[in-house]
1. Out of all the residues in the range A:33-52, is one or more within 11 Å of chain B (Cβ to nearest Cβ), without any contact (Cβ under 8 Å) to a residue 40 or more places away in the chain and either in a helix (DSSP H, G or I) or of a type in the set (F, W, Y) (or both)?
2. Just to be sure before I move on: is B:L338 over 24 Å from B:I206 (Cα atoms) and touching a Pro at 6+ places or on another chain (Cβ under 7 Å) in the structure I sent?
3. So, B:I377, is that one within 20 Å of the chain's Cα centre (by Cα) and either closer than 21 Å to B:L428 by Cβ or acidic (D, E) (or both) or not?
4. In the range A:83-138, how many are closer than 25 Å to B:T105 by Cα, touching a strand residue (DSSP E or B) at 6+ places or on another chain (Cβ under 7 Å) and of a type in the set (F, W, Y)?
5. Answer with yes or no whether A:K20 is surrounded by fewer than 22 Cβ atoms within 10 Å (Cβ to Cβ), within 13 Å of another protein chain (Cβ to nearest Cβ) and in contact with a Leu (Cβ under 8 Å, 6 or more places away or on another chain).
6. For a quick check of your reading of the model, give me the residue pairs whose first member lies in the range B:408-424 and is among the aromatic types (F, W, Y), whose second is part of a helix (DSSP H, G or I) and modelled with pLDDT of 95 or more, with beta-carbon atoms closer than 8 Å and at least 6 apart or on different chains.
7. Could you list, in sequence order, the residues of the range A:107-125 that are within 14 Å of another protein chain (Cβ to nearest Cβ) and either in a helix (DSSP H, G or I) or touching a residue at least 24 places away in the same chain (Cβ under 8 Å) (or both)?
8. Exactly one of (1) more than 28 Å from B:S5 (Cβ to Cβ); (2) touching a Gly at 6+ places or on another chain (Cβ under 6 Å); (3) not acidic (D, E) is unmet by B:T310. Its number?
Amino acid sequence: MILSEKTVKKIREKASKYPKRKGAILPSLTLAYKQLGYVDNEIYIEISEVINVPQLEIAEAASFYTMFPKKPRGKYLLQVCNNISCALLGADAMVDRLEEKLAIKRGETTDDGLFTLISVECLGSCCTAPMIQINDDFHENLTREKLDKLLESLKNGK
Amino acid sequence: MTFYSPVLTNAKEIAGHDKLHLFEFVEDEKQYQLKRYLKHGGYAAWKTVLGKMKPEEVIEEVKKSGLRGRGGAGFPTGMKWSFVPKDSPKERYLCCNADESEPGTCKDRVLMERDPHVVIEGMAIGAYAIGCHLMFCYIRGEFHHCIERIEKATEEAYSKGHLGKNIYGSGYDLEMIIHTGAGAYMCGEETGLLNSIEGEKGMARIRPPFPAIEGLWECPTIVNNVESLAAVPHIINRGADWYRSMGTEKSAGTKLFSLSGHINRPGNYEVELGFSLQKLIYDSNYGNGISDGKKLKAVIPGGVSTPFLTPDKVDVPLDYESLTEAGSMLGSGGVIVLHEDTCIVWTILKLIKFFRHESCGKCTPCREGTGWLEQIIQKIEDGRGGPDDLEKLDSICGNILGRTICPLGDAAVMPIQSTLKDWRDEWLYHIEHKKCLVKQDFGF
């Protein structure tokens with residue numbers, strides 16, 4: 001098993017609350033992603049055995065949602081909101097700066113596996129734009145100085 | 001940082017106010033804890049409802065209050081609840097739509113992060129009104145902090161008997177599941193949301209049947225926005241007449257507005273419906289004017305799904321009817337301000353890229369149409385536009401509008417149509433001169 005005992009236990013717990021088994025598909029994928037940072041066919045098979053739903057139905061659902069990447073990404077996932085409220089306050093220039101500083105294009109991961117940079121749609125931080133989500137955390141009201149400092153602290157392992 | 005999100009609110013002005021209520025305690029650092037919530041009168045409405053009111057009475061009170069859906073459509077909440085068939089032998093479900101993802105909107109997030117119990121209490125009252133014993137809170141997956149707060153609050157509510165079996169000795173059982181999304185705007189559309197809970201792709205469903213008749217697992221289901229549900233405990237505590245005394249005749253109560261873009265004081269503000277958009281933008285207690293002393297170019301009043309307003313139309317009351325009359329919509333209350341140096345073509349390109357990306361792909365006009373629109377608008381933005389491109393845009397928009405299963409298609413084209421009408425010269429300039437009319441530079 002690739003899924004840990006802890007994850008499987010959490011999946012079982014969550015699944016038991018749903019009136020129908022398929023309801024547990026998204027929570028299972030979410031828990032698997034939390035453990036691994038990706039989901040793929042092997043994971044669908046394992047989830048399928050735990051929640052007793054055909055693998056195909058799990059794969060089908062997973063294909064629709066952007067938060068279930070099929071491959072692992074960098075240790076820090078940098079998600080820059082690129083929608084209008086952030087863009088009006090310089091989000092495009094912020095992505096350019098990140099591309100330059102990390103020497104990667106959006107969608108890519110640095111060679112050391114530390115950073116993956118992607119631009120994403122609205123993250124609900126419009127009144128505190130521009131912003132970036134790094135793993136689970138939002139960093140809002142960003143300025144060039146704040147962003148540079150943030151990047152440094154991540155490079156130095158916080 | 002005192003709060004997880006540093007977003008500005010007008011809670012201080014609201015303190016002690018006899019009308020504004022949703023944001024009353026959102027600057028209280030401990031409001032998210034049950035103890036503090038109870039001290040501020042929390043769960044009193046839930047106790048009243050379970051102890052003294054029949055479900056029909058709850059529905060009647062909410063109907064009388066004039067509360068309308070705050071997610072964007074503005075449908076009367078009490079009336080929606082009354083659509084659940086009384087004699088149905090099936091289970092009934094209530095879903096709180098906390099998939100806040102309409103660009104420009106970040107109000108529900110504040111409620112969930114800072115006052116999570118009021119959301120749970122509102123959900124519970126709604127659930128009781130429709131005879132539901134299992135309710136869902138669908139929170140967008142990126143909102144880790146909201147999810148944490150709602151999870152913690154739910155645990156607390158269970159542990160003190162506000163949720164679970166035989167609540168307050170009434171014999172009423174109510175369970176709650178927090179279901180998290182995974183990055184799909186479509187799941188904020190009610191039928192996409194239901195599919196997502198069922199473990200399907202978040203695609204729209206054809207209506208009828210409406211969810212109130214056949215929703216989750218073909219059972220009667222009600223989907224309400226966070227802000228609508230958060231207003232419900234206040235309505236029960238203070239009465240429908242009190243709620244009706246705020247706002248306008250047809251748009252009762254208060255509304256949260258997220259003010260963003262080129263504005264001096266971006267933030268979330270609670271005001272009575274009918275409040276002046278002009279005042280929201282320029283008054284020093286709210287937006288305090290356009291940033292960098294620039295002139296106003298356009299306002300998107302209700303999230304990116306709503307038509308743009310020209311500066312001469314900004315002197316408008318923020319209520320459902322007045323904005324419709326002005327040619328736009330109140331929507332979700334996401335007010336986005338654009339100053340004079342903003343290129344309309346660039347702005348629209350941002351929006352259409354978003355809608356094309358988020359189109360679920362189920363129906364052809366939206367799936368294909370948003371792609372065509374993006375290609376043409378990208379071409380114009382890149383200086384490769386042709387003389388007949390605007391007519392093509394007009395035609396494609398016209399063929400999407402009103403011809404899709406869910407409102408995403410309409411949402412994608414209405415802002416485009418409004419700019420093709422009100423800023424046509426700028427579109428033409430972009431095509432003829434192969435560049436923007438304005439000098440746009442949004443540095444960082």
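The values are calculated or read from the model by the stated rules, or taken from the named source; none is laboratory data. Everything numeric in this text was worked out from a predicted model, so none of it was measured. Every residue, glycine among them, receives a Cβ derived from its backbone with ideal geometry; neighbour counts consider all protein chains shown.
1. Yes, the range A:33-52 contains a residue that is within 11 Å of chain B (Cβ to nearest Cβ), without any contact (Cβ under 8 Å) to a residue 40 or more places away in the chain and either in a helix (DSSP H, G or I) or of a type in the set (F, W, Y) (or both).
2. The answer is no for B:L338.
3. no
4. 0
5. So A:K20 does not fit the description; no.
6. Taking only residues 6 or more apart or on different chains, the pairs are B:W423/B:I344.
7. Passing the criteria: A:I118, A:S119, A:V120, A:E121, A:C122, A:L123, A:S125.
8. (2)
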